[in-house]
Amino acid sequence: MPPLAKYPETTSEAKGQKNMAEWKRISGGLTTISVGSRTHVWGVNSSGQMYRYTGYNADPWTGIPGNAVDIGVAADGTVWHVDADDSIYRYIGDQPS
């Protein structure tokens, strides 16, 4: 398999390349990502740890308790995940008690 190409931090650094969309690299390492809207972005890393995107450049992800193999986010912010035992969960950590 050929080595992976190194992408610039933003595509403005890659001037001269045709047909390239504008992208900004976000730090972190996820194997799965789900986006319900611009403000509802969640992901899972290779260890099954879940993260919610904060939008802060210094620390863009915050860990969420639990382990997942897949995750889904709706536009209204509702989050669901499936664990390794095929159990289904709905996130309620941001709802009033």
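Multiplying the residue separation of ARG25 and ILE88 by 0.36 nm and removing their Cα-Cα distance gives an extension gain of 19.6 nm. Rounded to two decimals, the Cα-based Rg/Rh of segment 46-97, with Kirkwood Rh, is 0.98.
In the neighborhood of VAL69, defined by Cβ-to-Cβ distances under 12 Å, what is the net charge if each Lys or Arg adds +1 and each Asp or Glu adds -1? Residues near VAL69 contribute -4 overall. Using the Karplus relation 6.51 cos²θ - 1.76 cosθ + 1.60 with θ = phi - 60°, the per-residue 3J(HN,Hα) values for segment 29-36 come to x, 10, 9, 9, 9, 9, 10, x Hz, with x marking Gly and Pro.
Each label was represented as a point 7 Å from its Cα along the Cα-to-Cβ direction; for ALA75 and THR54 these points are 2.8 nm apart. Please give me the summed charge of the neighbours of HIS40: other residues whose Cβ is under 13 Å from its Cβ, Lys and Arg +1, Asp and Glu -1. Neighbourhood net charge equals 0. Surface calculation, 1.4 Å probe, protein heavy atoms: TYR51 sits at approximately 60 Å² accessible.
The values are calculated or read from the model by the stated rules, or taken from the named source; none is laboratory data. Keep in mind that this is a model prediction, so the values were computed, not measured. As a convention, Cβ positions derive from the backbone with ideal geometry for all residues, glycine included, and neighbour counts pool all protein chains shown. We work out accessible area using only protein heavy atoms, side chains counted, and drop any ligands, DNA or RNA first. Shrake-Rupley method; radii C 1.70, N 1.55, O 1.52, S 1.80 Å.
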